[in-house]
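Report on one structure; see the data block that follows.
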Amino acid sequence: METGSRLKYIAERFCLDGKPSEVRPLGDGFINDTYVVELENSALRYILQRKNTGIFQNIPEMMDNIQAVTTHLKRKITEAGGDPLKETLTLIPACDGKPYYEENGEFWCVTVFIEDALTYQSADTPELAYQGGCGIGRFQAMLADFQGDLVDTLPGFHNIKYRFSQWDRTLAEDSTGRAKDVRGLIAEIESRRPDMLGFYEFIESGRIPLRVTHNDTKIANMLFDRDGKVLCMLDLDTVLRAPCIYDFGDSIRSYANTGLEDDPVPDNVSMSRLMYDSFLKGYLSEAGDFLTEDERMALPFSAVYITFEQVLRFLMDYIDGDRYYRIKYPDHNLVRTVAQLRLLRSIETQLLPHNRYYVK
């Protein structure tokens, strides 16, 4: 745990509009450490974040990606008559002009705190799901004409072939000896391997184009205004070129889940068809103009694919000794696995009879 004086020292390495008076923790994220910075004699606040170097191997290039994307978004928002300080993140440069500060192998960044806004951990109304779909679709639509280069800072992200190679290695090593206790869950993973690899081959064929995407579109990564409309996307660490259907599938995992991602009561978890349809309607209202027919047809299975990937990753991390995701108690990753598997089964039951696989 960083001390207050240490955090103030880090904050002062950035071009803030005043002297930090207090730096305190914010949120409970899995990956990065996040803090609110308050200033002396000013209502302006900032977000200070320490990036996770264990997960992100090239943080300077990741920050360059974020800067390029937010610069493009600010231009589009301004052209549309919007507020670029509220409708996308604003990076504050370090005193040396870089979009990050590095010291002793740690990387920090600062953004402007967007006031009078809300975040949600889950969507509890169809209208909220609809607005979330609009927000994701608008984010992708505004970046549809982005021409810059983006570095792939997370090679293999959402690549199920890569995930299965990790999975096979984890099972072979079984470093914690836990595999024997989760054989039924392992069998569930293996029973779906052919369909998941087949879907990824369909993507690899090029029929689904690469676009600028967020790649972590859970509702907690969206900022809403007081009227329930999306202001902007948060946590742009994973922004890169990828199939936009990944964003859609990941959104359904969040918006249409009747329970929690780590719900300790599996019976709470299912896919709400009403919430799915609401999100889909909102998404297509903004993204419909640029989506191809193949992309449209692949949307239902993308929800299956992304949810399956999360089941695999949670169980893999449990077997590997909880090295990736932060846990609050010893079986946390196992609870996450069971909850996400229940969601996966519900999505399959409701969507696959009408879209058994994918576009052929």
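The values are calculated or read from the model by the stated rules, or taken from the named source; none is laboratory data. These numbers were taken from a predicted model, which means no experiment stands behind them. Using ideal geometry, Cβ is built from the backbone for each residue, glycine included, and neighbour counts are taken over all protein chains shown. For the accessible areas, the whole protein counts, side chains as well, though only heavy atoms, and no ligand, DNA or RNA atoms are used. Shrake-Rupley method; radii C 1.70, N 1.55, O 1.52, S 1.80 Å.
Charge dipole (Cα centre; +1 on Lys/Arg Cβ, -1 on Asp/Glu Cβ; no other charges) of the chain amounts to roughly 520 debye.
What is the Cα centroid distance between the stretch 1-66 and the stretch 223-282, reported in whole angstrom? Each part's Cα centre sits 26 Å from the other's. Per-peptide packing, taken as the mean over residues of other Cβ atoms within 10 Å, places 41-54, 230-243 in the sequence 230-243, 41-54 from highest down.
The fraction of accessible area contributed by carbon and sulfur in the stretch 129-286 is 50 percent, rounded to a whole number (1.4 Å probe; ligands and nucleic acids excluded). Under 21 Å of direct C-alpha separation, and excluding same-chain neighbours fewer than eight residues apart, residue 98 reaches these lysines: 8, 19, 51, 74. Per-residue ellipticity at 222 nm computed for the chain from its helices equals -14000 deg cm²/dmol, with DSSP H segments shorter than 4 residues left out and the rest contributing -39,500 (n - 2.57). Note on the stretch 258-324: with charges restricted to the Cβ of Lys and Arg (+1) and Asp and Glu (-1), its dipole about the Cα centre is near 140 debye. State the label only: which of (i) 18.3; (ii) 21.4; (iii) 30.2 corresponds to mean projected area of the Cα convex hull in nm² computed from the shown model? Looking at mean projected area of the Cα convex hull in nm² for this model, the match is (i). Charging the Cβ of each Asp and Glu at -1 and of each Lys and Arg at +1, and nothing else, the dipole of the stretch 51-191 about its Cα centre rounds to 260 debye. For the chain, the relative contact order is 18 percent, taking Cα pairs closer than 8 Å that sit 6 or more residues apart in sequence and dividing their mean separation by the residue count. Annotation note: GluC sites (Glu not before Pro) in the stretch 14-52 located in DSSP loop regions with a Cβ neighbour count of at most 15 within 10 Å are 40. Rolling a 1.4 angstrom probe over the stretch 287-354 with all protein chains present gives an accessible area of which 52% lies on carbon and sulfur atoms. Shown are 17, 33, 331, whose ranking by accessible area with a 1.4 Å probe and every protein chain present, most to least, is 17, 331, 33.
Of the whole protein surface, residue 72 contributes about 20 Å² of accessible area at a 1.4 Å probe radius.
Surface composition of the stretch 7-121: carbon and sulfur atoms hold 48% of the protein heavy-atom accessible area at a 1.4 Å probe. Using the Cβ-Cβ distance between residue 187 and residue 165 with R0 set to 22 Å, the FRET efficiency from 1/(1 + (r/R0)^6) comes to roughly 0.70.
Solvent-accessible surface of the chain, taken per residue with a 1.4 Å probe and all protein chains present: 44 Å².
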